[in-house]
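Following: one structure in structure tokens, then a few remarks.
The values are calculated or read from the model by the stated rules, or taken from the named source; none is laboratory data. Just so it is clear, the structure is predicted and the values come from calculations on it, not from any experiment. What goes into the accessible areas is simple: the full protein's heavy atoms, side chains included, and nothing from ligands, DNA or RNA. Shrake-Rupley method; radii C 1.70, N 1.55, O 1.52, S 1.80 Å.
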Amino acid sequence: MSTVGGAVLIQTPVQLYRYLRRCCRQLPTAAMQQHYKHAIIQGYNSHSDEDDPERIQMIIQRALVDAEWILDKYTKK
């Protein structure tokens, strides 16, 4: 996994899972962290049988956009 201009390049579902779990640490309260950790686990498990590479990339891109939105929402003052 590498970065380009501050953007994270995630290519596999496991890399996405680990990245999202690390993002949870930036959330302000333990309750929020726990909520989103649970949502990440559920999402990972529900898509674990995906085998279409295009669909996997779509899921990864959507998850990254959602994660950025959530972090912006809760970390901006």
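Extension gain, Asp49-Thr29: 0.36 nm per intervening residue step, less the Cα-Cα distance, totals 4.0 nm. The computed Rg and Dmax of the Cα atoms in Å for the structure shown corresponds, within [x] 17.1, 59; [y] 15.9, 55; [z] 12.7, 40, to [z].
Remark: accessible surface ordering of Lys76, Lys37 (largest first) is Lys76, Lys37, probe radius 1.4 Å.
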